[in-house]
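Engineer: For reference, the structure I am asking about is given below.
Throughout, read-outs are computed from the coordinates displayed, never taken from laboratory work. Keep in mind the model is a prediction, meaning the values are calculated, not measured. Because the Cβ atoms are built from the backbone with ideal geometry, glycine has one as well, and the counts that use them run over all protein chains shown.
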Amino acid sequence: MIGYFKLLMMDKGNGCSFSGVVSTGTFSCAIVVVTLILLRILYVMYWGSRPFGGKATKPVSTLIVLGSGGHTAEMLNLLAVIQKDRFTPRFYVAAATDNMSLQKAQLLENSLAEENGTRVPDTAQFMQIYRSREVGQSYITSIWTTLIAMAHALWLMIKIRPQVILCNGPGTCIPLCAIAFLFKILGIRWSSIFYVESIARVRRLSLSGLLLYKLRMADQLFVQWPQLHGKYPRATYVGRLM
Amino acid sequence: MGDHEGDDRTRRVVFVTVGTTSFDALVKAVDSLTFKQELASKGYTHLLIQMGRGSYVPTKSEGGNSLAVDYFTFSSSIADHLKSASLVISHAENLVGNNELNMSTIFETLRLGKRLIVVVNEDLMDNHQSELAEELADRKHLYCARPQTLHQTVADMDLNSLLPYIPGDATPVAKLINRFLGFPDD
C-alpha cells in the first residue's frame, strides 16, 4: 500500500499514470452510479405493478392519450364509465395529424361541464403531439421525426406531470410513457400507467403493448381476449370494450 | 341517393364499404357479373359501393329486372347507409385502424344487428385485422372472407346462423384502475 503511494508520488509528474488513477476512480464511481440507477429501475419496475396500499381520497391528475380512429373509440368507452370526479384534471393528448379525436373528447367534456355546471378549462385540457412516425413513412426520416416527437413529448410531460396515464395505443403513447417511466426513476413524478390493448389484438400484442409489457413500463396492461392473457400472463383480461 | 327507408318494401340493399383507404380487389369482386347474379338470386335488389381511394370504378346500373348498382367515394353519413342495408360487406380495416371517417364501421354494424361479411385484404403488410375478423367469425357474429372467396361465402352463407353481438363493457377496467389506485368500490 505504502509502496503504491510512493509509486504514485514518484509518478506525480507523469500525466499518464495520474489519469490512470483518475480513470480508475471515475470507473468505480461510474459502477456505483450505474448500480444505483439499476437498483432504482428494478425498484420502479417492482413497485410499479403493485397496487397502492391504503385509501385514495384526493383526485388524481390524468393524462389520456387518444390514439385516433378505433383506439379513440375504445378510450371514449372507458372514459364514459370512469368516475370523472376522481380522475381530474384531465389532459387529453392526440397526434397532431388527428383532429377528430380531440373534437370527440371536447364534446364529452362539454356535456360533462353542462351536467355539473362547471367550466371545461377547469377540468380538462386538450393538446396535440407530433407523431414519431406516420403510416408509410420511411425508417430513415423517422429517426429525425422521432427525436422531435421525443422533445415535444418531454415538454408536454414536464408541463403535465400526470399521476395517472391512460393509453391504448398506437405508438403515440410510447414517448409519453417512456418519459413517465424516466420521471419515475428520477423521482420527479410517480405516474401509474394503464394500457388497454386494442380489441383488434386477439393473438399477439401490438408493438406498443409488447414494449410496455416487456419493459414493465405499464403498471397494468389490460387485454380484451383470453388468448392474449394466456400468452402474456402478467396482462389482465378484462373482456371486450367495444 | 334517395335512400328513404320504407319507400319500397321490397328494397334490399347490399352495402359494400372500403373505408378511408382503397381495396380495389374487393370492389372488383363485388362488381363481377357472377357475384351480382348471386346477390340477385338471394333476393337483394340494390348494391351500393363506398369505394374510398380505390382506382377501380364499378359499373353503375339502374337495375330494372336485375340488381341496381351505385357507388360513391366517401360519405359523412356511413351510419345511415349501414342502417338501411340488409347486408353489409366491409373491408376488415374498418375494424379499427386509423379510420376516422367511418370509425369502427364493423362494430357499428354489429351493434345495429346487421348481417355482415368482413373481407380481409391480404396485400396489407401488418395484417392483424384478420385476427379480429377471424375471431368474430369463429364466434359466429359475422362471416370472414377474402376477395377471391367472397362469391363462395355469399353462395354458402346461412344468415340465420349468425349470433347477435352483445356490446362490450368498460366497467371491469374502470373498477381495476380504481382498485389499483386505492379508490373505494362504489
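Engineer: Between residue B:149 and residue A:161, with labels modelled 7 Å along Cα→Cβ, what's the label distance in nm to one decimal, could you check?
Structural biologist: In this crude spin-label approximation the distance works out to 5.6 nm.
Engineer: Let's see if you can work this out: charge +1 on each Lys and Arg Cβ, -1 on each Asp and Glu Cβ, no other charges. What is the dipole magnitude of chain A about its Cα centre, in debye to the nearest 20?
Structural biologist: The calculation lands at about 660 debye.
Engineer: Which of these, B:22, B:32, B:90, has the largest mean-square fluctuation under a Gaussian network model of chain B (Cα springs below 10 Å)?
Structural biologist: B:32
Engineer: I've got another one for you. Please report the relative contact order for chain A, taking Cα pairs under 8 Å with a sequence separation of at least 6, and give it as a percent rounded to a whole number.
Structural biologist: Working: 340 pairs, mean separation 42.8, N = 242.
RCO, chain A: 18 percent.
Engineer: Among B:62, B:131, B:122, what is the fewest-to-most ranking by other Cβ atoms within 10 Å?
Structural biologist: On the way: B:62 8, B:131 19, B:122 12.
Least to most surrounded, the residues fall as B:62, B:122, B:131.
Engineer: Quick one: what are the phi-derived ³J(HN,Hα) couplings along the stretch A:158-168, Karplus 6.51/-1.76/1.60 with θ = phi - 60°, whole Hz, x for glycine and proline?
Structural biologist: 5, 5, 7, 6, x, 8, 9, 10, 10, 8, 8
Engineer: With springs connecting C-alpha atoms under 10 Å apart, model chain B as a Gaussian network and identify which of B:43, B:54, B:168 has the largest mean-square fluctuation.
Structural biologist: So, out of B:43, B:54, B:168, the one fluctuating most is B:168.
Engineer: Given the DSSP H assignment, sum -39500 (n - 2.57) over each helix run of at least 4 residues in chain B and divide by its residue total; what's the result at 222 nm in deg cm²/dmol, nearest 500?
Structural biologist: Working: 7 runs with 59 residues, N = 186.
So the helix-based figure for chain B works out to -8500 deg cm²/dmol.
Engineer: To the nearest whole number, what is the average tally of beta carbon atoms from other chains within 10 Å of the beta carbons of peptide A:198-207? Don't skip to the end; give the middle numbers.
Structural biologist: Working: counts 5, 8, 13, 4, 9, 5, 2, 0, 2, 1.
That average works out to 5.
Engineer: Right, something else. Using amide H atoms built in the peptide plane, which far-off residues or other-chain residues are under 5 Å from residue A:192 H to H?
Structural biologist: A:164, A:165
Engineer: If you don't mind, there's one more thing I want to ask. Loop only by DSSP, 10 or fewer other Cβ within 10 Å of the Cβ. Give me the trypsin sites (Lys or Arg not before Pro) in the stretch A:30-91 that pass, ordered by residue number.
Structural biologist: On the way: sites: A:40, A:55, A:84, A:86, A:90; in loops: A:55, A:84, A:86.
Here the trypsin sites (Lys or Arg not before Pro) that fit, given the DSSP loop and packing criteria, are A:55.
Engineer: Follow-up question, since we're still on this one. Residue farthest toward the positive end of the dipole of the stretch A:60-237, with Cβ of Lys/Arg at +1 and Asp/Glu at -1: which of A:78, A:142, A:125?
Structural biologist: Result: A:142.
Engineer: Give me the distance between the Cα centres of the stretch A:123-165 and the stretch B:144-185, rounded to whole Å.
Structural biologist: 31 Å
Engineer: Given the pairs B:114/B:140; A:84/B:175; A:55/B:175; A:84/A:104; A:55/A:214; A:58/A:84, which span a C-alpha to C-alpha distance of over 18 angstrom in this model?
Structural biologist: Values: B:114/B:140 13 Å; A:84/B:175 13 Å; A:55/B:175 14 Å; A:84/A:104 16 Å; A:55/A:214 29 Å; A:58/A:84 12 Å.
Too far apart for the 18 Å limit: A:55/A:214.
Engineer: Specify the residue with the greatest mean-square fluctuation among B:17, B:149, B:105, computed from a Gaussian network of chain B linking alpha-carbon atoms under 10 Å apart.
Structural biologist: Of the options given, B:149 has the highest mean-square fluctuation.
Engineer: Please give, to one decimal in nm, the separation of the simple spin-label points placed at residue B:62 and residue A:31, each 7 Å out from Cα toward the Cβ.
Structural biologist: Inter-label distance under the simple model: 9.1 nm.
Engineer: Mean separation of Cα pairs under 8 Å and 6+ residues apart, divided by the residue count of chain B: what relative contact order is that in percent?
Structural biologist: Details: 305 pairs, mean separation 35.3, N = 186.
Relative CO of chain B lands at 19 percent.
Engineer: Let me ask another. Applying a 10 Å radius around every beta-carbon, put A:220-228, A:168-176, A:111-119 in order of their mean neighbour count, most first. Don't jump to the answer; show the numbers that get you there.
Structural biologist: Numbers: A:220-228: 20.7, A:168-176: 25.0, A:111-119: 11.2.
Per-residue mean Cβ counts within 10 Å order the peptides as A:168-176, A:220-228, A:111-119.
Engineer: How much length is gained if the chain between residue A:96 and residue A:137 is pulled fully straight, taking 0.36 nm per residue apart and subtracting their Cα-Cα distance, in nm to one decimal? Kindly include the intermediate steps, with their values, before the conclusion.
Structural biologist: On the way: separation 41, 0.36 × 41 = 14.76 nm, distance 1.55 nm.
Answer, rounded to one decimal: 13.2 nm.
Engineer: Quick check for me: using +1 on Lys/Arg Cβ and -1 on Asp/Glu Cβ, what's the dipole size of chain B about its Cα centre, in debye to the nearest 20? Show your work: numbers first, answer last.
Structural biologist: Numbers: 17 positive and 25 negative charges, 75 e Å.
I would put it at about 360 debye.
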